[in-house]
Amino acid sequence: MEKSSYLTDNSFTEQNILCYDPADVSSNGYKLRNPLKLPAPLMVFQLSVISLTSLLIDVGLKPLGQPSLVAQVLGGIVFGPSVLGHLEAVKETIFPTRGVMALETAATFGVLFNLFVIGVECDSKRMFRPGKKAVIIGVSVLFTTLASTLALSMLIKRFVPMDPRLAKSLPIVAASQCVVGFPNICSLLKEMQILNTDQGRIATSAAMFCDIIGLTLGAVGFIKLQVEKEHSLAQKMGSILSPLILVIFTVYFVRPAIMKTLRLRPEGKPVGENYFICILVLVLTYILAAETIGQHFLFGSLLLGMAIPEGPPLGAALIRKLHYPVGKILYPVFLTTSGLKTDIFNIHFKSLWVIALLVLFGVLIKIGVMMIITRYTGLTIHDSIIVGLMLNARGVCDVVFFNLWRISQALSDEHFAVAIIISVVLVMVIITPLIRFLLRAIEQQAPTKRRTLQHSKPDLELRILVCIHELQSVPSMVNLLEASNATEQSPIGVIGLVLIELVGRAAPLLITHNHSQGAIPEDGSISLQIINALRQYELAYESCVTLQPFTTITHFELMHEDICRLALDQNATFIILPFHKHWEIDGSIGTSSRAIQNINSKVIKKAPCSLGILVDRGILKGTMATLSNQGVYHVAVVYIGGPDDAESLAYGARLARHQNVSITLIRFLIFGFDNARERKLDNSLIEAVRYENSTNENFVYEEHVTRDGVGLSASLRGLEDRFDLIVVGRNHDDSPLLVGLGTWSECPELGVVGDFLASPDVGITASVLVVQQQRVRGKLVNRAVKPVAVNNQDGSYPDMNNALNNGISTPRTSVSNDHPRWEITIDRAN
């Protein structure tokens, strides 16, 4: 008979003695034995069932706006004794008693490595150097909630008759309501894609500070429990000093050693596998050390995680490798096993309403405190309510605490079930849609101030937000800024925003750079180079150009929020976005970033002002140097009609004032088609620009009369090597000229004409700027026409007796009028 091992399983209410054969782990085929009778196949089956069930519930709850946490806990409740677990067939087949130990072990590894990842993502510098607002919010919310809920629990215990187990659990549940966990809040806001909002940044900053207090109180609590178990003074002093020694050793020896090792690594080379293996061994060593000194193993995991430098190269590499095995498999198992232990049939009504009252009171206290301290935070009542709801987010911190208290028997199974259902699931179900609703209300109240190039006054500062993702796009961006003609009468305010993906960190950063350029992250060398290049432009035009540089480090899917918010806060009139494709010198596409394309598409929908997407082909023209070192900068403005073309015309009119810029205004008309109203509006805009440039030798006006999209495409192809930059509007109000051109559109964010000009198949080597006039919630602010060029002091332009008559009455190939450089061409194709 084979030797057997014996385990005592304390995961359920009753005690079970389990006997298993260590050699009998895997099956030799279903024909010989049922695989689910063996540990390894059973565990694989359990993980598969848990993941699939949680995924299906998550898909069903997504339309209701519920977070994944709710689905994962409910997935466990479904298979627990509350729903299917009371069926003997399900209990013995899927989650038998003999498989609990292996599943609990997987869940334990899931939560400890998840906390390690959370520690890596935390910015320890920000945690220990919080802002004044974060300190005020953190201290006020945490301690007021703790005192209020504990006081209420004492009152309930005194005046409401209850059984001793409930009386023992009430202070524990009351204390749990003060938890403001950074992992909880960051996970929820990231999933809701509101991490970059003003309210989200405030909530995460306050939560970081609260985590310092929480970790300290937790460590003190474990030290107190350990001291109570010891008898001699030496043992008690050892229990007190050992955690401090571990922390000091980590801060002054482990972290510096890791930093030094990373500095010895060749610059630019990715972190090797050996680094990853050493860190995993170190994690297990720290877990053992924490258990040895009397602290919980989660303390060691989190402490080491905070010692790892966040961001690239090491922190980012660790998070990428651990994301799927830990974040998508093992950590959800921990949440699901918490649901498996929840039995709603053991819940008594009194326990339910008492704990529900305590939880509701804690939620309202946090919101109330945020409303009371508005005087010190500078937030509105509306924003305070949103931040208060965010601070009530539940997650891994709460579930870990409830499990620890259940294991230590501070919480009974009944009150553990109530706490999980009410304090975690129900609170998240309520606050998540409330946060969405309140944020949506703010968006609907967004200001509708007109911020367009067409309607801006020529004697006011033009504020341009320039977004740069890669260093190679800087020369073309600077060329465009120089061509924008900054003068003392019409200065330019440049808001430079460097876009960096958030990798290896949890909280996003929006860095404001001063001239000393402090607070640059370790992975911000590209940011420094880009900002230095923009500063050179500022120095060259110091009397008429100001620069405000920023760096945003955030997730690509949330980066549009920072762009739009910065444009709104800095009162920008025009945003310049980078195109997601970059060209090689041989004309082929070098790199393409789908993430940048998604950012552009989102900014187009939410931008608070006009914008342009710059398709940079400077490398093909050889114009990588700045404009001041070149000859003439040739620009074409393509005009078909509509508000976006009017905006591009307004920008072209400004470019035309630069002495080194040659502007060619190309207007396309439809042969045999006339819309009198639209033609009159377009004529008034073009006549104003022509009048202003009547003495400008570098200004050319052309009219191309075409019959259809074929003629338009042929004319556009003819632009090939004539220009350095082509400016065109994004939308053209379903013009008949565009029929058939958009069938094979690859980049819808550029519009039909912009996509055609940006296509590598067309053969155009000029850069392209695709312009969109300001929209508010998808609609134009005001379609009233204003001249895009003005000369008189009152902002008007005089009548032009020598201008063309509206429309074309007779076919002709060229016309000479008051302007020597004015041509009309007609597509004579049948």
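A residue that is assigned to a loop (DSSP other than H, G, I, E, B), more than 37 Å from the chain's Cα centre (by Cα) and of a type outside the set (Val, Ile, Thr) occurs somewhere in segment 162-179.
When the test is whether a residue is within 14 Å of Asn392 (Cα to Cα), hydrophobic (A, V, I, L, M, F, W, C) and either buried (at least 23 other Cβ atoms within 10 Å of the Cβ) or out of contact with any Cys (no Cβ under 9 Å at 6 or more places or on another chain) (or both), Phe209 does not pass it. The residues on offer are Phe249, Phe276, Phe253, Phe299, and the sole one that is touching a residue at least 60 places away in the same chain (Cβ under 8 Å) and in a helix (DSSP H, G or I) is Phe299. Could you go through segment 341-353 and let me know if any residue there is surrounded by 19 or more Cβ atoms within 10 Å (Cβ to Cβ) and in contact with a Phe, Trp or Tyr (Cβ under 8 Å, 6 or more places away or on another chain). Taking every residue of segment 341-353 in turn, at least one turns out to be surrounded by 19 or more Cβ atoms within 10 Å (Cβ to Cβ) and in contact with a Phe, Trp or Tyr (Cβ under 8 Å, 6 or more places away or on another chain). Any residue in segment 473-495 that is among the hydroxyl-bearing types (Ser, Thr, Tyr) sitting within a Cβ distance under 7 Å of a residue that is assigned to a helix (DSSP H, G or I) and modelled with pLDDT of 85 or more? List the pairs, counting only those 6 or more apart or interchain. Close Cβ pairs satisfying both conditions: Ser484/Arg654; Ser484/Leu655. Among the residues of segment 302-310, is there at least one that is open to solvent by 40 Å² or more (accessible area, probe 1.4 Å), modelled with pLDDT of 85 or more and among the hydrophobic types (A, V, I, L, M, F, W, C)? No - not one qualifying residue is present in segment 302-310.
Quick check: is even one residue across segment 340-359 assigned to a helix (DSSP H, G or I) and within 30 Å of the chain's Cα centre (by Cα)? No, because not a single residue in segment 340-359 is assigned to a helix (DSSP H, G or I) and within 30 Å of the chain's Cα centre (by Cα). Considering segment 275-291, the residues that are over 30 Å from the mean Cα position of the chain (by Cα) and of a type outside the set (A, V, I, L, M, F, W, C) include one that is least open to solvent (accessible area, probe 1.4 Å), namely Tyr286.
In this structure, Glu310 does satisfy being within 26 Å of the chain's Cα centre (by Cα), on the phi < 0 side of the Ramachandran plot and among the acidic types (Asp, Glu). Only residues that are among the small types (Gly, Ala, Ser) and either modelled with pLDDT under 90 or under 19 Å from Thr204 (Cβ atoms) (or both) were counted across segment 357-392, and they come to 3. Based on this model, can you work out whether Met101 counts as modelled with pLDDT under 85, touching a strand residue (DSSP E or B) at 6+ places or on another chain (Cβ under 9 Å), open to solvent by 20 Å² or more (accessible area, probe 1.4 Å) and of a type in the set (A, V, I, L, M, F, W, C)? So Met101 fits the description; yes.
What helices (runs of 4 or more DSSP H), lying completely within segment 374-441, carry at least 3 residues that are hydrophobic (A, V, I, L, M, F, W, C)?
381-390, 396-407, 413-418
Considering the conditions (1) open to solvent by less than 10 Å² (accessible area, probe 1.4 Å); (2) under 22 Å from Ala486 (Cα atoms); (3) of a type outside the set (Lys, Arg); (4) assigned to a loop (DSSP other than H, G, I, E, B), Leu719 is excluded by exactly one of them, (2). A single member of Asp123, Asp58 is within 22 Å of the chain's Cα centre (by Cα), open to solvent by less than 40 Å² (accessible area, probe 1.4 Å) and without any contact (Cβ under 8 Å) to a residue 24 or more places away in the chain, and it is Asp58. When segment 631-647 is filtered for residues that are hydrophobic (A, V, I, L, M, F, W, C), outside any loop (DSSP other than H, G, I, E, B) and open to solvent by 10 Å² or more (accessible area, probe 1.4 Å), nothing remains.
Each row is one residue, and each column tells you yes or no for (1) open to solvent by 10 Å² or more (accessible area, probe 1.4 Å); (2) hydrophobic (A, V, I, L, M, F, W, C).
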site	(1), (2)
Leu434	yes, yes
Phe437	yes, yes
Glu443	yes, no
Leu480	no, yes
Ala507	no, yes
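Kindly establish whether Glu470 is open to solvent by 10 Å² or more (accessible area, probe 1.4 Å), in contact (Cβ under 8 Å) with a residue 60 or more places away in the chain, at negative phi and among the charged types (D, E, K, R). So Glu470 fits the description; yes.
Pairs are defined by a Cβ separation below 6 Å, a sequence spacing of at least 6 or placement on different chains, a first member in segment 353-370 that is under 10 Å from Thr149 (Cα atoms), and a second member that is open to solvent by 10 Å² or more (accessible area, probe 1.4 Å) and assigned to a helix (DSSP H, G or I); the pairs so defined are Val359/Ile422; Phe361/Leu152; Ile365/Ser148.
Residues that are among the polar types (S, T, N, Q) and surrounded by 23 or more Cβ atoms within 10 Å (Cβ to Cβ) were ranked within segment 385-427; the one that is nearest to Val354 (Cα to Cα) is Ser423. Could you tell me which residue of segment 743-759 is nearest to Gly642 (Cα to Cα), considering only residues that are within 31 Å of the chain's Cα centre (by Cα) and open to solvent by 30 Å² or more (accessible area, probe 1.4 Å)? Among them, the one singled out is Val752. The selection criterion, being surrounded by 13 or more Cβ atoms within 10 Å (Cβ to Cβ), in contact with a Gly (Cβ under 9 Å, 6 or more places away or on another chain), part of a helix (DSSP H, G or I) and of a type in the set (A, V, I, L, M), holds for Ile329. For segment 571-587, a tally of residues being at pLDDT below 75 and either open to solvent by less than 40 Å² (accessible area, probe 1.4 Å) or not in a loop (DSSP other than H, G, I, E, B) (or both) returns 1. Criterion first (among the charged types (D, E, K, R), more than 24 Å from Val728 (Cα to Cα), modelled with pLDDT under 90 and touching a Leu at 6+ places or on another chain (Cβ under 9 Å)) does Glu561 satisfy it? So Glu561 passes the test.
Within segment 598-611, the residues that satisfy the criterion of being assigned to a helix (DSSP H, G or I) and open to solvent by 10 Å² or more (accessible area, probe 1.4 Å) are Asn598, Ser601, Lys602, Ile604, Lys605, Lys606. Does Phe113 qualify as being in contact (Cβ under 8 Å) with a residue 12 or more places away in the chain and open to solvent by 40 Å² or more (accessible area, probe 1.4 Å)? Judged against the criteria, Phe113 is not a match.
Of the residues making up segment 212-233, those that are in a helix (DSSP H, G or I), over 30 Å from Thr554 (Cα atoms) and either open to solvent by less than 80 Å² (accessible area, probe 1.4 Å) or at pLDDT below 75 (or both) are Gly218, Ala219, Gly221, Phe222, Ile223, Lys224, Leu225, Gln226, Val227, Glu228, Lys229, Leu233.
The values are calculated or read from the model by the stated rules, or taken from the named source; none is laboratory data. This is a predicted model, so every value here is computed, not measured. A quick note on method: Cβ atoms are made from the backbone with ideal geometry, for glycine too, and the neighbour counts reach across all protein chains shown. Ligands, DNA and RNA are excluded from the accessible area calculation, which covers all protein heavy atoms including side chains. Shrake-Rupley method; radii C 1.70, N 1.55, O 1.52, S 1.80 Å.
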